[in-house]
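> Quick one: the structure is below, questions incoming.
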Amino acid sequence: MVDYLCPVCQKKMKRDLVVFLKHTDEHIVDMIKSKHPEWVSADGVCRKCSDYYRKQIKGESPST
């Protein structure tokens with residue numbers, strides 16, 4: 001399996017890429033871009049970052 005460097009958190013891991021394609025993910029994409037303007041949504045994010053921002057949108061307290 002190929003290693004993947006998450007473009008948001010910069011952590012290296014096995015390729016567990018989350019790519020945002022659904023309309024429902026637009027808020028997550030917007031939130032990530034506001035904190036990481038260099039990020040390109042087509043590059044995806046790691047599962048941990050995806051879960052973190054999803055919880056932020058839902059108003060939950062993310063555990064990092």
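> For the range 23-54, which positions are over 25 Å from D3 (Cα atoms) and modelled with pLDDT under 90?
Within the range 23-54, H23, T24, E26, H27 qualify.
> Is one or more of the residues making up the range 10-21 open to solvent by less than 100 Å² (accessible area, probe 1.4 Å) and modelled with pLDDT of 85 or more?
Checked the range 10-21: no residue is open to solvent by less than 100 Å² (accessible area, probe 1.4 Å) and modelled with pLDDT of 85 or more.
The values are calculated or read from the model by the stated rules, or taken from the named source; none is laboratory data. In this text the structure is predicted, and so the values were computed from the model without any measurement. Surface accessibility is based on the protein's heavy atoms, side chains included, excluding ligands, DNA and RNA. Shrake-Rupley method; radii C 1.70, N 1.55, O 1.52, S 1.80 Å.
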